[in-house]
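Here is the structure we will look at.
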Amino acid sequence: MLAYAEFALNNAVHNTTGVTPSKLLFGVNQRGKMIDPVPEYLEQTTHSKDFHDIEKIRSEASEKTVKAQNYNKTYFDGKRKDPHQYEIGDFVVVKNFDSTVGVSKKLIPQYKGPYQVSKKLRNDRYI
């Protein structure tokens with residue numbers, strides 16, 4: 001059963017690269033689920049005129065992967081905004097988050113503070 005799953009994974013066309021993992025690794029698609037005849041099959045295929053340049057296939061897959069990564073980053077960052085930068089001496093309030101069981105959240109204040117920023121730490125953190 002594991003051989004069937006392995007064959008299916010190695011011979012499914014990847015959405016980003018547009019080729020199968022077997023084609024990226026060996027330069028050819030697997031012809032069957034058997035493992036022993038693979039070297040013999042690769043030897044026959046590399047000498048045929050249908051053999052594609054594996055470096056070209058890998059470089060095209062790499063370019064497609066980089067393009068997909070850039071698109072995903074642009075899409076992800078498009079819905080985010082930069083955090084507000086506070087300076088030392090600024091007054092801020094903090095959202096009151098009380099998760100105590102049995103405490104009515106209806107009557108507690110929404111914010112705690114005001115606090116004054118005394119130190120600026122890295123990664124948008126403050127004291």
Would you check which residues across region 12-51 are in a loop (DSSP other than H, G, I, E, B) and modelled with pLDDT of 80 or more and list them?
12, 13, 14, 15, 16, 17, 18, 19, 20
Only one of (1) surrounded by 12 or more Cβ atoms within 10 Å (Cβ to Cβ); (2) free of Cβ contacts under 8 Å to residues at least 24 places away in the same chain; (3) of a type outside the set (A, V, I, L, M) is not met by residue 58, so which one is it?
(2)
Output the qualifying pairs, or none if there are none: Cβ atoms under 8 angstrom, residues six or more apart or on different chains, first residue in region 1-12 and not assigned by TED's automatic domain parsing to the domain that holds residue 26, second residue assigned to a helix (DSSP H, G or I).
none
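The values are calculated or read from the model by the stated rules, or taken from the named source; none is laboratory data. This is a predicted model, so every value here is computed, not measured. Reconstructed Cβ throughout: ideal geometry from the backbone, glycine too, with neighbour counts over all protein chains shown.
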